[in-house]
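Report on the following structure.
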Ligand code: 5GP
């Protein structure tokens with residue numbers, strides 16, 4: 001007769017949030033985290049990009065030189081890494097595994113290449129969410145309205161957005177950010193549903 005294991009070891013889930021620049025991913029991520037501090041956490045990435053005004057080391061990113069980043073690649077310290085818009089970005093394997101073992105849902109705000117790599121390594125517990133505006137025109141309008149980038153950068157970001165959208169079939173969920181509150185609620189609902197997902201690497205009954 002099989003017996004239900006009362007307390008199976010419960011690892012957390014990885015929630016990949018990817019989006020073209022300007023789709024509102026960071027605002028959604030911040031709001032989701034603020035609403036669920038107990039079970040969900042954010043993993044700070046490493047990058048060789050220079051900090052923007054107001055960004056802090058250890059809060060937004062761990063900023064490091066290209067030489068140090070390459071050393072970490074050689075030492076196998078990254079669960080994934082990628083070159084995005086000319087800079088290196090990577091997810092620490094140690095920090096990720098620590099959070100998962102603590103049973104936390106871990107949000108990774110990373111690009112499409114990184115998302116696909118993580119899914120390959122953690123196939124049972126990676127949930128991939130793609131965030132997009134209603135259409136490309138709206139995305140462009142948002143990039144212009146936030147007044148952060150010059151015309152050339154916006155054009156590059158639009159070209160990249162179209163490339164990123166090609167990876168949509170690899171993702172599990174698409175959230176259209178028409179309205180921030182609704183988009184946050186959608187992401188929260190997806191994360192909540194993971195609680196009921198059967199984890200193929202967990203023994204529930206023995
Ligand atoms: P930004 O420089 O604007 O903060 O980020 C640029 C891009 O790099 C975004 O698409 C962001 O999601 C992605 N990114 C940030 N951290 C990581 C990471 O650790 N790995 C990968 N693959 N992409 C990342």
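Every read-out reported here was derived from the displayed coordinates using simple, explicitly stated rules and does not represent laboratory data. Remember, predicted model here, so these are calculated numbers, not experimental data. Cβ placement follows ideal geometry from the backbone for every residue including glycine, while neighbour counts extend to all protein chains displayed.
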With Cα atoms, 0 to 90° folded angle of helix 180-193 axis to the chain main axis
30
For the chain, I need the span (max minus min coordinate) of the C-alpha atoms along each principal axis, in Å, sorted largest to smallest.
67, 41, 30
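Could you sort the peptides 110-120, 148-158 by per-residue average Cβ neighbour count (10 Å cutoff), highest mean leading?
110-120, 148-158
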Could you tell me the largest-minus-smallest coordinate of the C-alpha atoms of the range 5-77 on each of the three principal axes, in descending order and whole angstroms?
48, 33, 22
For the chain, longest principal axis from Cα atoms; helix 112-121 axis from its Cα atoms; angle between them, nearest 10 degrees, is 20
Evaluate the relative contact order of the chain (contact order divided by residue number), counting alpha-carbon pairs under 8 angstrom at least 6 apart; express in whole percent.
34
For the range 58-122 and the range 6-24, distance of Cα centres in Å
14
Rounded to two decimal places and with Rh computed the Kirkwood way over Cα pairs, what is Rg over Rh for the range 76-150?
1.06
Just to confirm the number: angle between the C-alpha axis of helix 151-165 and the first principal axis of the chain, 0 to 90 degrees, nearest 10?
30
Once both labels are modelled 7 Å past Cα along the beta-carbon direction, what's the residue 196-residue 49 spacing in nm?
3.7
The chain, Gaussian network, Cα under 10 Å: of 167, 46, 196, the residue fluctuating most is 196
